[in-house]
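Peer 1: One structure coming up, written as structure tokens, with questions to follow.
The values are calculated or read from the model by the stated rules, or taken from the named source; none is laboratory data. As the structure is a computational prediction, the values presented were derived from the model and not from experiment. Glycine gets a Cβ as well: all are built from the backbone with ideal geometry, and neighbour counts include every protein chain shown.
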Amino acid sequence: MFNLDDYDYPLPEERIAQMPAVRRDDSRMLVLDRRGGSMAHRHFRDLIGYLRPGDVLVVNDTRVVCGRLIGRKPTGGRVELLILDYADALRRRAAGETLTARCLVKAAKPTRAGARLDFPEGLSAEVLAAENGILTVRFEGADDFEALLERIGHVPLPPYIRRTEGENGSDRQTYQTVYAARKGAVAAPTAGLHFTEALLEEIRRAGVEIVAVTLHVGYGTFLPVRVEDIRQHRMHAERFRIPPETARAVNAAREAGRRVIAVGTTCVRTLEFATDDAGRLAAGEGDCDLFIYPGYRFKAVDAMITNFHLPRSTLLMLVSAFAGREAILGAYRAAIAGGYRFYSYGDGMLIL
């Protein structure tokens with residue numbers, strides 16, 4: 001249960017979705033009953049049939065930043081940066097500090113401290129420190145950094161999507177939930193990509209309350225677990241925010257015996273991190289570094305919507321903690337045999 005190999009499974013390359021569904025809620029949905037072990041094969045638009053009046057549906061309203069920048073070194077060599085701490089960088093600048101950020105770097109040769117990097121529209125960056133492929137840089141030449149990124153930045157698609165951005169910038173819309181509001185993520189909370197405005201409205205009309213938390217998904221989402229005993233793994237912290245109205249709704253539901261349904265592992269981690277042992281969710285903000293793996297006792301979440309996750313990943317460990325490792329791996333085998341699409345742009349699961 002605690003060995004990394006216990007969370008491996010074979011996945012044919014063709015099962016990794018490279019493009020989104022034409023219509024978001026046309027994606028397929030595997031429904032897993034974690035108590036009885038039964039499975040059903042549906043489409044995401046059928047979600048409404050599994051919800052009850054009084055349920056509280058919690059979504060993550062983080063917004064993916066166009067934080068992938070392509071520029072040049074003074075030598076003319078190509079360099080690519082991925083901003084990892086966008087929200088924190090803007091917060092520091094608002095406090096009167098210079099605009100500095102931690103960035104993942106991709107270049108043919110090492111990028112060292114002191115180097116100057118040039119980007120379109122007069123944006124430049126001085127490298128203040130370089131360590132383990134991550135640079136600390138100070139940006140200059142941008143009065144309105146947010147607007148400039150929207151113009152010159154690129155969508156940070158996950159590494160397993162092996163293509164460039166969609167025509168006419170289509171990934172700027174499709175790799176974003178319809179309720180995305182607060183900029184700061186380097187990856188989308190992908191379970192939410194299946195929702196349409198129409199489906200959300202139908203859910204509200206059915207008597208389900210929809211509330212939001214914010215967790216800015218970081219690059220740690222893609223970092224592999226490198227220890228054989230998963231209990232030795234340490235999660236990267238990600239910034240979260242829980243509004244008072246969300247805490248009130250969740251706490252009222254739990255007191256009344258109504259279900260709390262989390263949309264995505266990011267919501268699960270946020271809710272569980274901020275819930276005390278008595279089951280009370282606290283409003284506020286901070287840094288979430290909770291690692292959920294089998295043996296964890298859930299305090300806040302009764303059901304979850306999620307996608308199909310990478311082998312040997314912390315996300316696969318989280319859903320295994322929720323539904324049981326054997327049940328999850330069995331569901332994954334059924335999904336592969338049934339032609340489901342995996343990962344960020346892939347199909348979804350509802351775990352009840």
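Peer 1: I need a count of the residues in the range 264-305 that are within 21 Å of the chain's Cα centre (by Cα), closer than 21 Å to His236 by Cα and either surrounded by fewer than 20 Cβ atoms within 10 Å (Cβ to Cβ) or not small (Gly, Ala, Ser) (or both).
Peer 2: Looking only at that region, the number is 23.
Peer 1: Somewhere in the range 45-53, is a residue within 18 Å of Ile134 (Cβ to Cβ) and buried (at least 16 other Cβ atoms within 10 Å of the Cβ)?
Peer 2: no
Peer 1: Within the bounds of the range 228-243, is there any residue that is surrounded by fewer than 19 Cβ atoms within 10 Å (Cβ to Cβ) and part of a helix (DSSP H, G or I)?
Peer 2: Taking every residue of the range 228-243 in turn, at least one turns out to be surrounded by fewer than 19 Cβ atoms within 10 Å (Cβ to Cβ) and part of a helix (DSSP H, G or I).
Peer 1: Name the strands (runs of 3 or more DSSP E) wholly inside the range 71-160 in which the number of residues that are of a type in the set (Gly, Ala, Ser) is 3 or more.
Peer 2: By residue number, 124-131.
Peer 1: Test each condition in (1) at pLDDT 95 or above; (2) under 21 Å from Ile161 (Cα atoms); (3) under 11 Å from the mean Cα position of the chain (by Cα) for His194 and report the one that comes out false.
Peer 2: Answer for His194: the failing condition is (3).
Peer 1: Take the residues of the range 83-142 that are over 24 Å from Ala187 (Cα atoms) and among the acidic types (Asp, Glu): which is surrounded by the most Cβ atoms within 10 Å (Cβ to Cβ)?
Peer 2: Glu126
Peer 1: Hey, another quick one. Just to check your reading of the model, which residue among Thr136, Thr164 is among the hydroxyl-bearing types (Ser, Thr, Tyr) and not assigned by TED's automatic domain parsing to the domain that holds Thr75?
Peer 2: Step by step, each of Thr136, Thr164 is checked, and only Thr164 is among the hydroxyl-bearing types (Ser, Thr, Tyr) and not assigned by TED's automatic domain parsing to the domain that holds Thr75.
Peer 1: Output the residue which, of all residues in the range 194-206 that are in contact with an Asp or Glu (Cβ under 8 Å, 6 or more places away or on another chain) and assigned to a loop (DSSP other than H, G, I, E, B), is surrounded by the most Cβ atoms within 10 Å (Cβ to Cβ).
Peer 2: Restricting to residues being in contact with an Asp or Glu (Cβ under 8 Å, 6 or more places away or on another chain) and assigned to a loop (DSSP other than H, G, I, E, B), the top hit is Phe195.
Peer 1: Among the residues that make up the range 69-78, is at least one of them more than 30 Å from Glu209 (Cα to Cα), of a type in the set (Gly, Ala, Ser) and at pLDDT 95 or above?
Peer 2: Scanning the range 69-78, I find at least one residue that is more than 30 Å from Glu209 (Cα to Cα), of a type in the set (Gly, Ala, Ser) and at pLDDT 95 or above, so the answer is yes.
Matching residues to (1) without any contact (Cβ under 8 Å) to a residue 60 or more places away in the chain; (2) in a strand (DSSP E or B):
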{"residue": "Val268", "(1), (2)": "yes, no"}
{"residue": "Ala278", "(1), (2)": "yes, no"}
{"residue": "Tyr293", "(1), (2)": "no, no"}
{"residue": "Ala300", "(1), (2)": "yes, no"}
{"residue": "Thr306", "(1), (2)": "no, yes"}
{"residue": "His309", "(1), (2)": "yes, no"}
{"residue": "Arg312", "(1), (2)": "no, no"}
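Peer 1: Output the qualifying pairs, or none if there are none: Cβ atoms under 7 angstrom, residues six or more apart or on different chains, first residue in the range 196-210 and closer than 18 Å to Ala303 by Cα, second residue charged (D, E, K, R) and assigned to a helix (DSSP H, G or I).
Peer 2: These pairs meet every condition: Ile210/Arg204.
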